[in-house]
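Reviewing the structure listed below.
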Amino acid sequence: MGKSLTHKIIKQHLISGEIKPGNEIAIDIDHVLIQDITGTQVFLHFEVIGLDRIGADVAVCYADHNVLQIKPENMEDHLYLQSAAKKFGVWFSKPANGIGHQIHQEHFAVPGTTAVGADSHTPHNGGIGVLAIGAGGLDVAVAMGGGGYNFVMPRIVNVHLTGKLKPWSTAKDVVLEMLRRVTVRGGFGKIFEYTGPGLKSLNVQQRVTITNMGTEMGATSSIFPSDEITRHYFEITGRPDDWREILPDDDAEYDERIELDLSKIEPMVAQPSLPDKVIPVSEADKVKIEQVMVGSCTNGAYADLKAVAKIMKGRQVHPDVNFFIHPASRMALEQLAEEGYLEDLLKAGVNVAEPTCGACIGSGHVPAPGSRSLRAVNRNFRGRSGYKNDLVYLASPETAAATAITGVLTDPRTLAIDAPSSELPPKIRQDNPNLIPPASEAGAKKLKIRRGDNIVPADPKDVLKDTVAGEVLIKVEDDISTDHIMPAAAEILAYRSNIPKISEYVYHRLDPEFSARAKAKGGGFIVGGENYGQGSSREHAALAPMYLGVKGVIAKSFARIHHSNLVNFGLLPLTFKNKEHYDHVEQGDEMVIENCIESVAKATFTVKNKTRDFSFETEARLTDRQKELLKLGGLLTYTRKMGMRKKK
Ligand code: MIC
Ligand code: SF4
């Protein structure tokens, strides 16, 4: 039987384990991506492990989230990152350059390699044939040191593409259709591998939009083959020698298959407040929209912005709409300026803001209460925009532009103009003044890291105790995202490197008293529903609760990255054996787990609810490695104790 593309890349990089769904495997990591709001912790972990130089082939730190430097702590973090990067052998992308996933695609990514990134949208580069996986900062620090990456081998789902997109239907609509079918939970434990005759009609930028948002399905990754279309992309980037062909075998075996006819895709919209609440735009109510945004790592590329510029040329943004753009890379902005498209946007009344994540995580452009915002981004979890009861819709840049013109949610097919097609830039300059190379190994020895007062790490957790007890500090529902647990937003993002300070904001929007209560009670438990911790990779959603004394989370199910983060910081990730028992636990209940050490080995834990005099069984989905590190209090202590394998 032939092999999938994913299987081939994993086999070439395999360190240990059998490539069988459900088994833990370890692979060598070629590229590591970090960014400014996860990167400070990555470097701090790297230092605590005792490392002083990267072991991966390439590592890049992207200052992309806190580009506006709204608070002094933001720039303080950037200075720490830039100095640490230089010393440890990591490239630094200055806070002017754009969003990491897109810049990596333009300057570094190589088909057939592996990449791990401290950001959940790392699979973006899967669109050019990289096996790219998002992870928590501690896992990334190990990978950056050359220790590889451990994960549970996913099932490989073949998404078989046929047909060709019709005018006004876009890659964003393809991935929204996938979300409609698969839902935000359906990609758990899976990698989506795209194949079929439909591939040839999708350029690289369309492909990365699709792989980028595989994350919203909870997938481990998504990948496209590297073919002639990819070769063309490497030619325009001026890196033709980095291209290599990497394809699945013709008779490749897959665990599941999805058929997707591109010609049947129509403009889609995800309604507030989950990325899978998707319906065709033509069926949605024509509600008034007062804010429109195009940007983010998903839709801020040259191809997206040029399509918007073509729609806006000679037209005006509706008087009641505030339309702004965050380009994904400075290169896109430069190119659009050279070609006159920037002028078209500005003349139409579009606010072209900085190349940054910005509003995608509530850093600026926070919608007003009662207003509706339509965004060509990837997530619309409630509150993520910076206002807790926000109403955010997700759609393509084309639907966004049409809506900005009319002021109501609009199917772009109703505009009396020709549909723009997705066009790549004619060239991508490699001489980028905002990409700073690391110092040589010899030169690095004399360099000092610039550490501001905002850099305040947390001590690792103690070894696991045999009896773990505490109150239920909060009980939450299904699909709680890490944005709910540890909100982003400008005022909180300033404290990503200051764990005592950021821990004051855990569950800040859902329950502003949470942190004070957790501290006063000396910690306790969190009870969650299905898909607990979906969304971002931010390990702060585990690290800050750990700092507050949280001992574990009991949920119906967990999202992949958050589950690893909980284990990595020594918190028990328990799932109800009988999901109905969720109804028998309330906030304030006193819980005790005895014989924890033995329970870790068996991966089943009996939890006693003392308040209701009722015991119930829970399980923990733990690999043998995770069992060991959980007992030691987490991955940091484990790595220091066991030492680290070095990449060959
Ligand atoms: C996001 O899109 O939520 C982020 C901000 O990029 C996060 C990273 C973080 O919170 O540090 C992600 O996706 O992992
Ligand atoms: Fe940045 Fe938004 Fe992409 Fe996250 S999803 S990396 S916040 S642009």
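Some values worked out for this structure:
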item	result
Those residues of region 313-335 which are over 16 Å from GLU398 (Cβ atoms), more than 16 Å from ligand 1 (Cβ to nearest atom) and under 32 Å from the mean Cα position of the chain (by Cα), in sequence order	ASN322, PHE324, PRO327, ARG330, MET331, ALA332, LEU333, GLU334, GLN335
Residue among LYS608, LYS579, LYS501, LYS551 that is buried (at least 16 other Cβ atoms within 10 Å of the Cβ), more than 28 Å from ASP139 (Cα to Cα) and over 19 Å from the mean Cα position of the chain (by Cα)	LYS608
For VAL48: the one exception among (1) crowded, with 24+ Cβ neighbours inside 10 Å; (2) in a helix (DSSP H, G or I)	(1)
Residue list for region 527-540, restricted to those being more than 20 Å from ASN378 (Cα to Cα) and either within 15 Å of ligand 1 (Cβ to nearest atom) or of a type in the set (S, T, N, Q) (or both)	HIS540
Residue match in region 59-79 (condition: buried (at least 20 other Cβ atoms within 10 Å of the Cβ), in contact with a strand residue (DSSP E or B) (Cβ under 9 Å, 6 or more places away or on another chain), modelled with pLDDT of 95 or more and under 20 Å from ASN150 (Cα atoms))	yes
Members of region 4-17 that are surrounded by fewer than 17 Cβ atoms within 10 Å (Cβ to Cβ) and in contact (Cβ under 8 Å) with a residue 40 or more places away in the chain	GLN12, ILE15
Lone unmet requirement of (1) within 17 Å of GLY529 (Cα to Cα); (2) free of Cβ contacts under 8 Å to residues at least 40 places away in the same chain; (3) of a type outside the set (Val, Ile, Thr) for SER557	(2)
Every residue from region 26-66 that is within 16 Å of ligand 1 (Cβ to nearest atom) and of a type in the set (A, V, I, L, M)	VAL32, LEU33, ILE34, ILE37, VAL42, LEU44, VAL60, ALA63
Residue match in region 509-521 (condition: modelled with pLDDT of 95 or more, surrounded by 24 or more Cβ atoms within 10 Å (Cβ to Cβ) and over 26 Å from the mean Cα position of the chain (by Cα))	yes
Test: residue in region 359-372 that is more than 16 Å from ligand 2 (Cβ to nearest atom) and among the aliphatic types (A, V, I, L, M)	yes
Matching entry among ASP418, ASP390 (being in a loop (DSSP other than H, G, I, E, B), within 16 Å of ligand 1 (Cβ to nearest atom) and of a type in the set (Asp, Glu))	ASP390
Residue match in region 394-409 (condition: at pLDDT 95 or above, closer than 22 Å to ALA490 by Cβ, within 16 Å of ligand 2 (Cβ to nearest atom) and crowded, with 22+ Cβ neighbours inside 10 Å)	yes
So VAL159, is it within 28 Å of TYR393 (Cβ to Cβ), among the hydrophobic types (A, V, I, L, M, F, W, C), within 16 Å of ligand 1 (Cβ to nearest atom) and modelled with pLDDT of 95 or more	no
Verdict on LYS86 being modelled with pLDDT of 95 or more, away from ligand 1 (no atom under 16 Å from the Cβ) and closer than 17 Å to CYS357 by Cα	no
Checklist (1) over 21 Å from the mean Cα position of the chain (by Cα); (2) buried (at least 18 other Cβ atoms within 10 Å of the Cβ) applied to PRO280, failing item	(2)
Among the residues listed as GLU193, GLU245, the single one being under 26 Å from GLU530 (Cα atoms), of a type in the set (Asp, Glu), away from ligand 1 (no atom under 16 Å from the Cβ) and in contact with a strand residue (DSSP E or B) (Cβ under 9 Å, 6 or more places away or on another chain)	GLU193
Test: residue in region 582-602 that is crowded, with 23+ Cβ neighbours inside 10 Å and of a type in the set (Asp, Glu)	no
Filter result for the condition that a residue is more than 18 Å from the chain's Cα centre (by Cα), in a loop (DSSP other than H, G, I, E, B) and farther than 19 Å from THR114 by Cα, over GLU259, GLU177, GLU266	GLU266
Hits in region 74-113 (condition: within 16 Å of ligand 2 (Cβ to nearest atom), part of a helix (DSSP H, G or I) and farther than 19 Å from TYR233 by Cα)	ASN74, ASP77, HIS78, LEU81
Selected residue (criterion: farthest from ligand 2 (Cβ to nearest atom)) from residues of region 459-510 that are closer than 25 Å to VAL184 by Cβ and basic (Lys, Arg)	LYS475
Members of region 198-253 found to be of a type in the set (A, V, I, L, M), within 27 Å of SER169 (Cα to Cα), touching a helix residue (DSSP H, G or I) at 6+ places or on another chain (Cβ under 7 Å) and away from ligand 2 (no atom under 16 Å from the Cβ), listed by number	LEU202, VAL204, ILE223, ILE229, LEU247
Search result, residues across region 436-452 that are out of contact with any strand residue (DSSP E or B) (no Cβ under 7 Å at 6 or more places or on another chain), outside any helix (DSSP H, G or I) and not aliphatic (A, V, I, L, M)	SER440, LYS445, LYS446, LYS448, ARG450, ARG451, GLY452
Condition check for SER564: assigned to a helix (DSSP H, G or I) and without any contact (Cβ under 8 Å) to a residue 40 or more places away in the chain	no
Within region 567-599, tally of residues that are in a helix (DSSP H, G or I) and farther than 15 Å from GLY634 by Cβ	9
Qualifying residues in region 35-62 (those that are aliphatic (A, V, I, L, M) and under 14 Å from SER497 (Cα atoms)) - the one farthest from ligand 2 (Cβ to nearest atom)	LEU44
Tally of residues being assigned to a helix (DSSP H, G or I) and more than 16 Å from ligand 2 (Cβ to nearest atom) across region 535-561	7
Verdict on ASP390 being over 22 Å from VAL67 (Cα atoms), among the acidic types (Asp, Glu) and within 16 Å of ligand 2 (Cβ to nearest atom)	yes
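The values are calculated or read from the model by the stated rules, or taken from the named source; none is laboratory data. All values reported here derive from a predicted model rather than from experimental measurement. Neighbour counts are summed over all protein chains in view; Cβ atoms, including those assigned to glycine, are modelled from backbone coordinates with ideal geometry.
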